[in-house]
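Read through the structure below, which is laid out as structure tokens, and then see the notes.
The values are calculated or read from the model by the stated rules, or taken from the named source; none is laboratory data. None of these values were measured; they are calculated from a predicted model. Positions of Cβ are generated from backbone atoms using ideal geometry, with glycine treated the same way; all protein chains shown enter the neighbour counts.
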Amino acid sequence: MVLAAGAVLSPLSAQDKVLPYWAALRYEKVNMRSGPSREYPVSWVYLRKGMPVKVVRIREGWRLIEDHEGTQGWISASQLDLVRAGLVIGTGVAEVRAGPNVAAAVKWRAEPGVVAAMKPCKEGWCEVDIGGRKGWISADRLWGSQPLPGDA
């Protein structure tokens, strides 16, 4: 009985998160709608599994999200993962370093638009995993690196 209650309460507690908070697209294809139900038309289709989004509002099983371009729309909560991800932004390639500082060796470079799994950033640097390759990127080159109230 206790296990069953835990399984039911766990998804409900995610709905009680402080807004805004970061999430990532769970699937390769995710529909964004103009309102919080399947009755509303699809306004955009995302084709990037793992792409970070900012959740800014909750309505029942739906989340109003904002993407890196500032576009907002509604996505079913089942289409989101509560994991941290970042999207490489800015002009030119971002250097992925061996450590969290500018003196660390450059391991490789990532182009804008690359999606990275990441841990919370510290002191201006984020530890990332891009396709199994790990390193550090300056937080100002990642959309999704900023601390939000719901991530605490």
Determine which single condition residue 51 fails, assuming it passes every other condition in (1) out of contact with any helix residue (DSSP H, G or I) (no Cβ under 7 Å at 6 or more places or on another chain); (2) more than 17 Å from residue 26 (Cα to Cα). (2)
Of the conditions (1) at negative phi; (2) at pLDDT 95 or above; (3) part of a loop (DSSP other than H, G, I, E, B), residue 50 satisfies every one except a single condition; which number is it? (1)
Is it true that residue 120 is farther than 16 Å from residue 146 by Cα, in a loop (DSSP other than H, G, I, E, B) and either β-branched (Val, Ile, Thr) or outside the structural domain of residue 33 (by TED's automatic domain parsing) (or both)? no
Are there any strands (runs of 3 or more DSSP E) wholly within region 65-116 with 1 or more residues that are buried (at least 18 other Cβ atoms within 10 Å of the Cβ), more than 17 Å from the chain's Cα centre (by Cα) and in the same structural domain as residue 136 (by TED's automatic domain parsing), and if so which? 94-97, 106-110
Do we have any residue at all in region 118-137 that's closer than 21 Å to residue 29 by Cβ, loosely packed, with under 13 Cβ neighbours inside 10 Å and free of Cβ contacts under 8 Å to residues at least 40 places away in the same chain? yes
Qualifying positions in region 138-151 - free of Cβ contacts under 8 Å to residues at least 60 places away in the same chain, among the charged types (D, E, K, R) and surrounded by fewer than 20 Cβ atoms within 10 Å (Cβ to Cβ): 140
